[in-house]
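The values are calculated or read from the model by the stated rules, or taken from the named source; none is laboratory data. The shown structure was predicted, so the numbers you read here are calculated from the model rather than taken from an experiment. Positions of Cβ are backbone-derived with ideal geometry, glycine not excepted, and every protein chain shown enters the neighbour counts. Side chains included, ligands, DNA and RNA excluded: accessible areas come from the protein's heavy atoms. Shrake-Rupley method; radii C 1.70, N 1.55, O 1.52, S 1.80 Å.
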Amino acid sequence: MREVPFADLDVDDVPAFLLPERSAKEEEAPEPAVVLPSAGNGLRARRRRQRRRHAWRRTFGLVLLAVAVVAAVVLVAVHPWRGGNAASPRQPATATRAAPLPSSAVLVQQDAKGGAVSVTLLVANQSGGGGHVVLVPPATMTEIPSFGLDGVGKALGLGGPSLLQVTLENLLGVPLPPAVVAGDAQLAGFVQAAGPLDVDVPAQVEQTDPTGAVSVLWSTGPTTLVPIDVPRFLSVRGQGNDLARLARHQSFWTAWLAHVAHDPSVAAGLPADFGRVVRQLATGTVSYETLPVEAIDGGTGGDEVYRVRQADLDQLMRQLLPGISPDRIRVQILNGTGAIGSSPRVARRLVPAGARVVLSGNADSFAYAQTQIVFYDRSRQQAAERVRQALGTGRLVLSRQPLDVVDVTVVIGKDFNG
């Protein structure tokens, strides 16, 4: 990796040794003589000094008067002294990305290889029932800290639930509750109490075996789904793409939530927080959304992958967490110590502070003693300071080499103990 040149914030002037050297002729040439006028008797100089003193006194008096007026205005504005009326109520504070999604849960279906075959975000309304069910395509490309750009579902197999957690939080931009990770048997157990579910299959689901023979698993239209078949119903792709598979997820959630609404006790076997959110959703209208993505070329492997439509995702998150600011600091994380897992720990600190990790990798050396927080334009110095405060350590550095893809680069040093 090519080393990025850094410049200390305190060294902004051009050093003397970088200035062009003067020639010997320039150094030896004598300065031209300057003829000074006679000093005179000093009367005009004394008058000028008197005028300056009078002008300074008038200016100082005006400044004192202005300060007094401003102080009086501030006191009147702060204290409710106007006619005995109560002070106007303060406006509610806008939501921050440090605040987790309220009444939310994440359900992750894990396949036999350890990856996430489905990721579902549940967000119940804070007042009343109902809420949102957001279906996340596992092949959504995002930055997995320490591992680079890959499908979000791969994070579970690469680093377990903790890496998946920070990857999802970085993708969505808000802290999330710990995900409920369920294998096929556990997922079937979640819906066992509800019994058979009447689902509406949006498109015929076919499967091709190694010999080329095609079998129909579920035909289009109404069908009855027994609990043991739920994991396969949710995971098998069939002949369509992953977005078509997620349409099947909506039919499952609609049927299951209808059972929970009729008999809340069928959710008694769920993990406590997850069950509470499911019961809240079941008591009102539920809005179903697929994470806003667009299909991109999957390369030679043949698997379709998806790219996030960031503006649409920001709009969706503002619906789920009203008042949230759409602006996020684009951050690159470079491991400057070689410590395993340091990049996800940094990301876990930065996401609540309003950062989005867009690149990660290793620094040019593993010998960094102090964390470097590099920014590339003086207009981003305040953003760099927010990053430094979130990490609790580090030194701000201005790079003279511009970098447009990120606002701030964090080079992790040994002083970071996150």
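Out of the range 190-222, which residues are open to solvent by less than 40 Å² (accessible area, probe 1.4 Å) and touching a Lys or Arg at 6+ places or on another chain (Cβ under 9 Å)?
VAL199, VAL201, VAL205, TRP218
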- [ ] Identify all residues within the range 106-115 that are at pLDDT 95 or above and either more than 24 Å from ALA188 (Cβ to Cβ) or open to solvent by 10 Å² or more (accessible area, probe 1.4 Å) (or both); write none if there are none.
- [x] LEU107, GLN110
Open item on the list: Taking the criterion of being open to solvent by 20 Å² or more (accessible area, probe 1.4 Å) and under 23 Å from ARG309 (Cβ atoms), would at least one residue in the range 125-138 satisfy it?
Closed with: yes
Open item on the list: So for the range 122-143 (the condition being of a type in the set (A, V, I, L, M, F, W, C) and either assigned to a loop (DSSP other than H, G, I, E, B) or without any contact (Cβ under 8 Å) to a residue 24 or more places away in the chain (or both)), does at least one residue qualify?
Closed with: yes
Open item on the list: Filter the range 104-133 down to the residues that are within 30 Å of GLY361 (Cα to Cα) and of a type outside the set (Gly, Ala, Ser) and list them by number.
Closed with: VAL106, LEU107, VAL108, GLN109, GLN110, ASP111, LYS113, VAL117, VAL119, THR120, LEU121
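From the list ALA347, ALA369, ALA363, which one is open to solvent by 40 Å² or more (accessible area, probe 1.4 Å) and aliphatic (A, V, I, L, M)?
Numbers: ALA347 fails: open to solvent by 40 Å² or more (accessible area, probe 1.4 Å); ALA363 fails: open to solvent by 40 Å² or more (accessible area, probe 1.4 Å).
Just a single option satisfies the conditions, and that option is ALA369.
Search the range 144-176 for residues being of a type in the set (D, E, K, R) and assigned to a helix (DSSP H, G or I), and hand back the single one that is most open to solvent (accessible area, probe 1.4 Å). Quick ask: steps written out before the conclusion?
Step one: of the range 144-176, the residues of a type in the set (D, E, K, R) are 150, 154, 169.
Checking the rest, the ones that are also assigned to a helix (DSSP H, G or I) come to 154, 169.
Working: LYS154: 112, GLU169: 19 Å².
Checked the range 144-176; the qualifying residue most open to solvent (accessible area, probe 1.4 Å) is LYS154.
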Open item on the list: I'd like to check something: does the range 190-207 contain any residue that is without any contact (Cβ under 8 Å) to a residue 60 or more places away in the chain, out of contact with any Leu (no Cβ under 8 Å at 6 or more places or on another chain), over 25 Å from THR140 (Cα atoms) and not in a strand (DSSP E or B)?
Closed with: no
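Answer yes or no: is there a residue in the range 150-167 that is charged (D, E, K, R), touching a residue at least 12 places away in the same chain (Cβ under 8 Å) and more than 30 Å from VAL226 (Cα to Cα).
Of the range 150-167, the ones charged (D, E, K, R) are 150, 154.
Filter once more, keeping what is touching a residue at least 12 places away in the same chain (Cβ under 8 Å): 154.
Going one step further and asking which of them are more than 30 Å from VAL226 (Cα to Cα), we end up with none.
Within the range 150-167, not a single residue is charged (D, E, K, R), touching a residue at least 12 places away in the same chain (Cβ under 8 Å) and more than 30 Å from VAL226 (Cα to Cα).
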Open item on the list: Taking the condition of being open to solvent by 40 Å² or more (accessible area, probe 1.4 Å) and touching a Pro at 6+ places or on another chain (Cβ under 7 Å), how many residues in the range 378-418 meet it?
Closed with: 2
TODO: Return the pairs, sorted by first residue and then second, in which the second residue is part of a loop (DSSP other than H, G, I, E, B), the first residue lies in the range 308-325 and is open to solvent by 70 Å² or more (accessible area, probe 1.4 Å), the beta carbons are less than 7 Å apart, and the residues are 6+ apart or on different chains.
DONE: ARG309/PRO292; ARG318/ILE324; ARG318/PRO326; PRO322/ALA95
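Which is closer than 27 Å to TYR306 by Cα and small (Gly, Ala, Ser), of ALA261, ALA255, ALA213, ALA247?
Values: ALA261 fails: closer than 27 Å to TYR306 by Cα; ALA255 fails: closer than 27 Å to TYR306 by Cα; ALA213 fails: closer than 27 Å to TYR306 by Cα.
That would be ALA247, the only listed residue that is closer than 27 Å to TYR306 by Cα and small (Gly, Ala, Ser).
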- [ ] Collect the residues in the range 270-285 that are open to solvent by less than 70 Å² (accessible area, probe 1.4 Å) and in a loop (DSSP other than H, G, I, E, B), keeping them in residue-number order.
- [x] LEU270, PRO271, GLY284
TODO: Mind counting the residues in the range 223-244 that are closer than 24 Å to THR285 by Cβ, open to solvent by less than 40 Å² (accessible area, probe 1.4 Å) and either touching a Gly at 6+ places or on another chain (Cβ under 8 Å) or in contact (Cβ under 8 Å) with a residue 60 or more places away in the chain (or both)?
DONE: 1
Task: Every pair of residues 6+ apart whose Cβ atoms lie under 9 Å, when the first sits in the range 174-189 and is in contact (Cβ under 8 Å) with a residue 24 or more places away in the chain and farther than 19 Å from GLY153 by Cβ while the second is basic (Lys, Arg) and open to solvent by 50 Å² or more (accessible area, probe 1.4 Å) - done: PRO175/ARG348
Task: Checking GLU294 against (1) surrounded by 13 or more Cβ atoms within 10 Å (Cβ to Cβ); (2) closer than 18 Å to LEU171 by Cα; (3) of a type outside the set (Gly, Ala, Ser), the condition it does not meet - done: (1)
TODO: Scan the range 208-230 for residues that are over 19 Å from LEU121 (Cβ atoms) and assigned to a helix (DSSP H, G or I) and report the count.
DONE: 3
